[in-house]
Amino acid sequence: MLSILYLVAITAEAMTGALSAGRRGMDLFGVALIASVTALGGGSVRDVLLGHYPLGWVKHPEYLALTVGAGLATVAIARVMRYLRRLFLVLDALGLVAFTVIGCQVALEMGLSPAIVIVSGTLTGTCGGILRDILCNDVPLILRRELYASVAVLSAGCYLLCRPWLGEEQALLITLAAGLLLRLLALRFNWQMPTFTYPDDPHG
Amino acid sequence: MLSILYLVAITAEAMTGALSAGRRGMDLFGVALIASVTALGGGSVRDVLLGHYPLGWVKHPEYLALTVGAGLATVAIARVMRYLRRLFLVLDALGLVAFTVIGCQVALEMGLSPAIVIVSGTLTGTCGGILRDILCNDVPLILRRELYASVAVLSAGCYLLCRPWLGEEQALLITLAAGLLLRLLALRFNWQMPTFTYPDDPHG
Amino acid sequence: MLSILYLVAITAEAMTGALSAGRRGMDLFGVALIASVTALGGGSVRDVLLGHYPLGWVKHPEYLALTVGAGLATVAIARVMRYLRRLFLVLDALGLVAFTVIGCQVALEMGLSPAIVIVSGTLTGTCGGILRDILCNDVPLILRRELYASVAVLSAGCYLLCRPWLGEEQALLITLAAGLLLRLLALRFNWQMPTFTYPDDPHG
């Protein structure tokens with residue numbers, strides 16, 4: 001079940017990446033690259049930082065084919081995309097939680113400490129979007145937006161707490177339900193983390 | 001022969017990196033860093049993603065000395081550089097194809113699948129320029145410019161196809177000729193990949 | 001003694017990272033992330049490039065707890081921070097030299113060549129700040145500012161030269177004293193590396 005979720009998630013993330021590339025007027029190579037980085041970048045950052053080789057897409061090049069295909073398909077159906085915005089918000093939320101749980105599982109299999117399991121889940125859930133925004137020369141949105149990263153941290157914590165008591169499968173289901181609910185509520189009611197504003201200062 | 005090409009290519013790439021640093025008014029450390037990242041960054045990204053250690057410049061620090069030296073030499077001869085623009089476009093095209101072939105060879109030696117061989121060649125050819133543009137705070141030019149990345153993809157494919165039939169040396173020569181020709185034609189006639197423009201949308 | 005210096009240094013760097021996040025109006029997750037990347041990013045880049053696993057913060061998650069805590073504490077005491085500017089400049093200089101020496105030690109333990117030891121020290125000292133500026137969408141300040149990176153290069157060279165003659169401990173003390181002095185003099189008298197300015201050119 002997590003594998004199917006993963007495929008849905010990388011497809012959805014690739015499509016959001018392609019739209020970002022389109023906002024910057026990139027060419028089709030740029031679209032394919034940004035789509036793939038958005039979908040697979042979180043897992044790649046995690047694997048490189050943890051020394052977990054080979055990377056997912058090196059072992060399974062079909063994932064890369066899927067993200068490139070999804071990115072290019074987005075160009076073809078760009079007109080329809082704005083009517084699917086709500087669907088994509090849900091798929092994106094699902095992807096966030098699914099990526100986070102997968103990141104936790106990788107760290108657990110490597111026998112890492114609970115703090116690093118949570119970091120691994122959070123990196124997997126969020127770094128794809130951060131890389132997309134760096135390549136598109138934006139301040140990463142995720143660092144300024146409604147609870148996106150917080151959902152990853154809380155989902156990772158939830159999965160980590162539930163797993164020893166309920167087993168892998170039920171922990172996954174509960175985390176998915178809770179994370180998805182939290183993210184959709186945050187979007188609906190525009191919940192935000194408190195922000196920190198420090199006045200810019202030319203001497204600073 | 002590929003080694004000599006490689007040395008020419010990293011020198012040329014380091015010099016284009018130094019010019020980018022100069023456009024941003026960086027200090028000499030910045031010039032040396034951007035020169036080295038432009039020349040050696042593509043191979044480094046490839047090696048980190050594939051887990052191929054040690055990195056080239058760690059094993060051969062003389063490459064690093066060459067890129068730092070080429071970067072600083074560019075500062076000294078900056079006035080002459082604008083008269084050499086055509087020469088540099090050719091050297092840059094040669095470097096692109098040479099880097100790409102080297103990236104393919106590394107992946108082939110690691111026994112990776114054909115799709116990853118092409119990705120490895122493309123990353124090696126293009127990531128140096130992408131990192132240069134990120135450090136200089138630009139949207140990577142390569143994602144918007146005439147066929148640069150496409151030449152890398154097609155060169156990698158050409159090399160991969162020719163190698164089993166013609167042997168390593170002839171595959172290299174054919175790829176170099178074809179890639180160089182394609183890149184120079186693209187520059188001459190301003191060929192471009194189709195771009196994807198998605199209207200910016202504050203609610204998007 | 002180097003361990004204590006290291007803890008002081010990552011705390012100081014995390015706090016400067018948090019202030020950068022505040023200048024961009026990031027949320028608390030962004031503050032914690034930028035704080036951690038600023039403090040631990042230099043060592044992480046070095047470890048990934050040298051293939052030196054596991055990374056420091058994966059082995060010692062308490063470092064990560066310290067940088068997240070220091071980042072969030074900065075939000076609480078932001079009003080006081082501007083009166084502590086001089087203290088922070090000294091702590092930051094101390095951190096720069098301490099990070100650089102640690103980077104040299106890692107490369108020496110791995111048996112790498114002197115050139116790579118200096119590169120390793122410089123990367124450890126400077127990459128945290130470069131990553132902070134990329135995530136905040138600035139041209140890295142370090143590439144334009146008073147002798148910051150040069151202090152790292154010279155400190156690394158000093159440590160490398162003194163160590164075989166004076167032993168590890170005395171080499172550390174001399175490097176700290178010399179690097180700190182150089183950095184503070186550079187700040188006081190606004191010393192700068194010569195910069196390279198190459199006119200921007202739409203055809204370039």
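The values are calculated or read from the model by the stated rules, or taken from the named source; none is laboratory data. Note that the coordinates shown come from a computational prediction; the quantities given were computed from them, not determined experimentally. Quick reminder, even Gly has a Cβ in these numbers, built from the backbone with ideal geometry, and neighbours come from all protein chains shown. SASA here: full protein model, heavy atoms, side chains in, ligands and nucleic acids out. Shrake-Rupley method; radii C 1.70, N 1.55, O 1.52, S 1.80 Å.
Shown for residue B:177: label points 7 Å from Cα along the beta-carbon vector, and their distances to the equivalent points in the other copies, 6.7, 6.7 nm in ascending order.
Across the copies of the chain, residue B:161 has label points (7 Å from Cα along Cα→Cβ) spaced 5.7, 5.7 nm apart, shortest distance listed first.
Using Cα pairs under 8 angstrom and six or more residues apart, how large is the relative contact order of region A:2-188, in percent?
24
Between this copy and the others, label points of residue A:8 are 5.4, 5.4 nm apart in ascending order, each placed 7 angstrom from Cα in the Cβ direction. Among the trypsin sites (Lys or Arg not before Pro) found in region B:145-193, not one is both in a DSSP coil and sparsely packed, with 11 or fewer other Cβ atoms within 10 Å of its Cβ. In the elastic network of chain A, a GNM with C-alpha springs shorter than 10 Å, the most mobile of A:58, A:68, A:117 is A:58.
Chain A against chain B buries an accessible area of about 2900 Å², both chains summed, 1.4 Å probe radius. For the residues B:33, B:55, B:94, a GNM of chain B with alpha-carbon springs under 10 Å puts the largest fluctuation on B:55. Counting only the Cα atoms, the protein assembly as shown fills a convex hull of 154 Å³ per residue. The mean of 1/r over all pairs of different alpha-carbon atoms in region C:2-189, once inverted, gives a Kirkwood hydrodynamic radius of 16.4 Å.
In the context of the full protein assembly, residue C:110 retains an accessible surface of approximately 70 Å², using a probe radius of 1.4 Å and ignoring ligands and nucleic acids.
Under 15 Å from the Cβ of residue C:39, count the other residues' Cβ atoms, weight Lys and Arg +1, Asp and Glu -1, and hand me the total.
Around residue C:39, the surrounding residues sum to -3.
Computed with a 1.4 Å probe on the full set of protein chains, the accessible area for residue A:57 sits at about 20 Å². Surface composition of the protein assembly as shown: carbon plus sulfur atoms contribute 66% of the solvent-accessible area (1.4 Å probe, protein chains only, all chains present). Size descriptors for region A:81-120, from the alpha-carbon set: Rg then Dmax equal 14.2, 44 Å. Across region B:1-79, C-alpha contacts under 8 Å between residues 6 or more apart give a mean separation that, scaled by the residue count, equals a relative contact order of 38 percent.
Rolling a 1.4 Å sphere over the protein heavy atoms, what is the accessible area per residue of region B:2-188, to the nearest Å²?
With all protein chains present, region B:2-188 gives 39 Å² per residue.
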